[in-house]
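Here the structure comes first, spelled out in C-alpha cells, and everything after it is commentary.
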Amino acid sequence: MKKIDLETAVGFFLLIGIFSLAYISVKLGRLEVLGNKGYEVYAEFEQVGGIKPGASVEIAGIAIGRVTGMRLNDYQALLSLEIDKGIKLQEDSIASVRTKGLIGEKYILITPGGSEKIIADGGKIRETESAIDTESLMSKYIFGKI
C-alpha cells in the first residue's frame with residue numbers, strides 16, 4: 001500500500017513539473033496558445049537594419065506588442081506589428097527602428113501622436129523612421145566625408 005502512495009505522489013509531482021515547464025516555455029517564448037491578444041497594424045520602412053520577427057514594439061520603454069512578420073513591398077520593408085488590445089495608436093503616431101544600447105537588439109519604438117483618430121485593425125502607421133546604418137556612418141567618419 002505504501003508503494004502505491006509513493007508512486008502516486010511521484011507521478012503527481014512529475015505532472016506538476018511538466019505543466020510548470022510548459023507554462024514557463026509559453027510565457028518566456030511569448031507564444032500564443034489560445035489565439036492572439038491584440039490587433040495588427042503595418043509600418044513601411046526604407047531600411048529596417050536587421051530587425052527580426054519577434055522583436056519588441058515599445059512605447060516609452062514598455063513593451064506593447066511584437067513584430068509578427070516582414071516582407072518586401074515595392075523595395076521597402078513592410079512590417080506587421082501585433083499591438084496589445086488595450087493600446088490604441090493614434091493615426092499620426094511615428095514608428096522608429098531603434099537599438100537597445102550600443103550594439104543591442106533592435107526594436108520598434110512608437111511615438112504616440114495627438115490625433116483623435118485611432119488606427120484600426122489592419123491599418124497602417126504612415127510616419128516611419130528607418131534604422132540608422134552605423135557602418136556607413138563610421139566609414140564616412142573614417143574616410144573624412146563628414
Requested in this report: Would you calculate the separation in nanometres between label points at Ile132 and Tyr23, each defined as 7 Å from the Cα along the Cα-to-beta-carbon direction?
Outcome: 4.3 nm
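Using a cut-off of 13 Å between beta-carbons, work out the net charge of the residues near Glu105 (Lys and Arg +1, Asp and Glu -1, Glu105 not included). Working shown, then result.
Numbers: positive: Lys52, Arg66, Arg98, Lys100, Lys106; negative: Glu58.
With Lys, Arg at +1 and Asp, Glu at -1, the net is +4.
Tell me the mean residue ellipticity at 222 nm calculated for the chain from its helices only (DSSP H runs of n ≥ 4, each -39500 (n - 2.57), averaged over every residue, nearest 500).
Rounded to the nearest 500, the figure is -8500 deg cm²/dmol.
How charged is the neighbourhood of Ile119? Take every other residue with its Cβ under 14 Å from the Cβ of Ile119, and add Lys/Arg as +1 and Asp/Glu as -1.
On the way: positive: Lys85, Lys88, Lys117, Lys124, Arg126; negative: Glu40, Glu44, Glu82, Asp84, Glu91, Asp92, Glu116, Asp121, Glu127.
Computed value for this residue: -4.
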Query - Positive-pole candidate from Ser96, Ser136, Ile118, dipole of the stretch 64-146, charges at beta carbon - result: Ser136
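About the Cα centre of the chain, how large is the charge dipole given +1 on each Lys and Arg Cβ and -1 on each Asp and Glu Cβ? Please answer in debye to the nearest 20. All intermediate terms of the calculation are to be shown ahead of the outcome.
Numbers: 18 positive and 19 negative charges, 97 e Å.
Taking the Cα centre of the chain as origin, the dipole is about 460 debye.
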Query raised in the report: In a shell of Cβ-Cβ distance under 12 Å around Ile83, excluding Ile83 itself, what net charge do Lys and Arg (+1) and Asp and Glu (-1) give?
Result: -1
Query raised in the report: Total Lys pairs in the stretch 38-132 closer than 22 Å by alpha-carbon, pairs eight or more apart in sequence or interchain only?
Result: 8
Report summary line: Sparse-neighbourhood loop hits (chymotrypsin sites (Phe, Trp or Tyr not before Pro), the stretch 39-96; DSSP loop; Cβ within 10 Å at most 12 others) -> Tyr75
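Read the figures in this text as sums done on the coordinates, not as results from a lab. Just so you know, these numbers come straight off a predicted model, no measurement behind them. Heads up, the Cβs are rebuilt from the backbone with ideal geometry, glycines too, and the neighbour counts pull from every protein chain shown.
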